[in-house]
């Protein structure tokens with residue numbers, strides 16, 4: 001009876017293989033999640049480095065991951081004994097368990113006219129402002145994605161250093177961020193029927209004199225009407241963006257009717273009506289016009305912060321004309337860059353890294369400015385580059401026998 005019981009136990013152990021598949025789910029799912037996220041970061045960083053060397057970017061999107069798992073198990077039972085008086089029998093139990101996984105990963109190259117159009121089209125003003133609405137810093141959004149706002153141009157180098165121009169642009173971003181973090185600046189999105197969303201920049205009321213002064217200065221730099229608190233935001237490509245605020249009505253002098261002169265009587269006539277009084281000066285704009293960079297333009301702009309090996313002339317130069325000093329070559333890497341990518345920094349923990357032209361390029365994990373900018377670009381790329389229709393795909397079986 002004892003041998004029979006052990007045989008039943010062995011069969012039960014050999015058949016209990018289904019729970020093993022469930023136990024693998026958490027590990028495999030999280031492993032694929034981490035691998036896809038890490039490879040996406042490496043790909044984005046690689047293309048930033050490519051742009052620094054004037055090489056064309058190339059993107060592949062992971063569209064699906066499927067995996068098939070096979071569990072094999074078995075058991076064995078035996079017995080050894082001696083013949084004697086009385087005889088002795090020793091049962092033996094053995095078993096085996098094997099898990100085999102065969103994943104299939106499908107990639108889609110982002111290419112073709114549709115993707116190229118999305119890559120070079122200016123980022124719309126409503127996209128920029130809705131990113132602010134969900135919590136991104138408005139100064140960071142402006143610095144990365146906006147080329148001009150109400151005539152103020154961003155710096156020519158992707159840096160917060162005012163030495164590269166764009167002082168007023170950077171100042172407006174800092175003022176708006178100050179208002180944003182104290183909830184004195186709001187973004188309103190209004191939808192009317194099936195029409196496009198209307199976006200408004202709203203200066204919320206505040207009792208803090210510092211925030212009041214910041215709002216006044218920001219409106220002044222942007223040329224906005226100081227008596228208004230809400231301003232419609234347009235893209236520079238919107239035909240309504242160029243319309244100035246309507247001028248106030250100007251009273252027109254109507255000449256009085258004259259009595260007809262008697263025959264033979266001379267009368268002085270005024271042939272020209274008196275000139276109307278000059279119109280009062282416009283108090284300022286009632287809207288904000290953003291000229292967004294394209295997605296490719298944003299990546300190209302941020303590639304300023306990629307360090308290049310000393311003496312390597314294959315990378316594009318960053319020189320620009322300074323009114324006083326003539327040709328200026330910024331330091332390598334650029335100081336106060338929105339995104340700084342270093343070459344093989346010793347002892348630096350990497351937030352993201354990639355290898356190109358024999359060097360390892362790294363975003364340092366303690367560089368919060370660069371990490372925030374890189375995360376913003378990851379979100380923006382995912383938002384603007386997603387294909388509307390499926391294209392050619394590359395399916396790769398990975399692993400297995």
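The values are calculated or read from the model by the stated rules, or taken from the named source; none is laboratory data. Since the structure is predicted, the reported quantities are computational estimates derived from the model, not experimental observations. Positions of Cβ are generated from backbone atoms using ideal geometry, with glycine treated the same way; all protein chains shown enter the neighbour counts.
Here's the yes/no breakdown for (1) over 14 Å from the mean Cα position of the chain (by Cα); (2) farther than 18 Å from residue 336 by Cβ; (3) free of Cβ contacts under 8 Å to residues at least 12 places away in the same chain:
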{"position": "154", "(1), (2), (3)": "yes, no, no"}
{"position": "157", "(1), (2), (3)": "yes, no, no"}
{"position": "162", "(1), (2), (3)": "yes, no, yes"}
{"position": "175", "(1), (2), (3)": "yes, yes, no"}
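Is it true that residue 56 is in a helix (DSSP H, G or I) and either over 23 Å from the mean Cα position of the chain (by Cα) or modelled with pLDDT of 85 or more (or both)? Explain how you work it out, then say what you get.
On the way: in a helix (DSSP H, G or I): no; either over 23 Å from the mean Cα position of the chain (by Cα) or modelled with pLDDT of 85 or more (or both): yes.
The answer is no for residue 56.
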Worksheet entry | Yes/no for residue 143 being crowded, with 20+ Cβ neighbours inside 10 Å, in a helix (DSSP H, G or I) and in contact (Cβ under 8 Å) with a residue 12 or more places away in the chain | yes
Worksheet item: Within segment 263-277, can one find any residue that is part of a loop (DSSP other than H, G, I, E, B) and either under 30 Å from residue 334 (Cβ atoms) or modelled with pLDDT of 75 or more (or both)?
Response: no
Discussion item. If the requirement is being at pLDDT below 95 and either surrounded by 13 or more Cβ atoms within 10 Å (Cβ to Cβ) or in contact with a helix residue (DSSP H, G or I) (Cβ under 7 Å, 6 or more places away or on another chain) (or both), which of these qualifies: 251, 245, 196, 239?
Written reply: 245
Discussion item. Given the criteria at pLDDT below 85 and either surrounded by 17 or more Cβ atoms within 10 Å (Cβ to Cβ) or closer than 19 Å to residue 383 by Cβ (or both), does residue 100 qualify?
Written reply: no
Item to complete: Collect the residues in segment 128-140 that are out of contact with any helix residue (DSSP H, G or I) (no Cβ under 7 Å at 6 or more places or on another chain) and surrounded by fewer than 19 Cβ atoms within 10 Å (Cβ to Cβ), keeping them in residue-number order.
Response: 130, 133, 134, 135
Worksheet item: When only residues in segment 347-363 that are over 14 Å from residue 38 (Cα atoms) and in contact with a helix residue (DSSP H, G or I) (Cβ under 7 Å, 6 or more places away or on another chain) count, which is surrounded by the fewest Cβ atoms within 10 Å (Cβ to Cβ)?
Response: 356
Response to the item:
Taking segment 177-193 and keeping residues touching a residue at least 12 places away in the same chain (Cβ under 8 Å), touching a strand residue (DSSP E or B) at 6+ places or on another chain (Cβ under 6 Å) and not in a helix (DSSP H, G or I) leaves 186, 188, 189
Discussion item. Looking only at residues that are in contact with a helix residue (DSSP H, G or I) (Cβ under 9 Å, 6 or more places away or on another chain) and part of a loop (DSSP other than H, G, I, E, B) in segment 323-346, which one is modelled with the lowest pLDDT?
Written reply: 330
Worksheet entry | Matching residues, segment 364-379, being in contact with a helix residue (DSSP H, G or I) (Cβ under 7 Å, 6 or more places away or on another chain) and within 30 Å of residue 112 (Cβ to Cβ) | 373, 376, 377, 378
